[in-house]
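The values are calculated or read from the model by the stated rules, or taken from the named source; none is laboratory data. Since we're looking at a predicted model, the values are computed, not measured. Cβ: placed from backbone, ideal geometry, glycine included. Neighbour counts: every protein chain shown. Heads up: the accessible areas ignore ligands, DNA and RNA and are worked out on the full protein's heavy atoms, side chains in. Shrake-Rupley method; radii C 1.70, N 1.55, O 1.52, S 1.80 Å.
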Amino acid sequence: MADCIRRAARGDQSACSQLYQRFHGAVRRVAQGSGALEAAEVEDVVQETFVRAFRELPRLQHPRAFSGWLLTIARHHAYALSRNAKARARVEEDLAHEVDAAVPALPPSLTLERRVAVVRALIEGLPEGPEKDTARLFYLEGELSAREIAERLGLGKSAVTMRLERFRARVKRELLARLLAAEVG
């Protein structure tokens, strides 16, 4: 096993494949054990864990520590995704309650049109850069998943997810600022 780890650290794809075959079940069980992840997120944890591990493998000093090190990466990634999912659910619930209480019912087509206009304006107001590009692909083009955007931009899905989370946080701050300004003004 130590030889396989050393070969993988030097970039030997067959050694990487052997390590993946041997450990992917354990990594998947760690991700599933977090309890809060959906099946697609469990797969993201597995993939991201191995991507990170193979990228950082040359820095691993003791090959015997590989399995514990790998599972620690998996636990950290599963925890981060789980925490983000819970935070996202809380924000969506908070926004749903705020919107229900503050906004009278509109026809669905007008509601959608207004939402698209608000999102478009918020995205266009962002400074040029990766967050704006990611938000534009996800919300305005609307046909790509976070995984597909990651592939298009040459990033990990977690980077795309974090950019979208930052954008959503910005939207929430902007909406709250507008609501407060409307109440004061």
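Of note:
- Whole-Hz ³J(HN,Hα) from phi, Karplus 6.51 cos²θ - 1.76 cosθ + 1.60, for the stretch 46-59, glycine and proline x: 4, 5, 5, 4, 5, 4, 5, 4, 5, 5, 8, 3, x, 8
- Unit charges at the beta carbon, dipole of the stretch 133-185: most positive-side option, 175, 138, 154: 175
- Percent RCO, i.e. relative contact order, over the stretch 1-87, from Cα pairs under 8 Å lying at least 6 residues apart: 37
- Table column - 3J(HN,Hα) (Hz), the stretch 155-169, Karplus curve with 6.51, -1.76, 1.60, x for Gly and Pro: 10, x, 4, 5, 5, 5, 4, 5, 4, 5, 5, 4, 4, 4, 5
- Rolling a 1.4 Å probe across the protein heavy atoms gives the stretch 1-55 an accessible surface of 54 Å² per residue.
- Ligands, DNA and RNA excluded, the heavy atoms of residue 43 present near 70 Å² of accessible surface to a 1.4 Å solvent probe.
- Along the stretch 131-137 the Karplus relation, 6.51 cos²θ - 1.76 cosθ + 1.60 evaluated at θ = phi - 60°, assigns HN-Hα couplings of 5, 5, 4, 5, 4, 4, 4 Hz to successive residues, with x for each Gly and Pro.
- Tensor-based shape of the stretch 1-67 (alpha-carbon gyration tensor, a/c under 1.5 rounded, otherwise prolate or oblate): prolate
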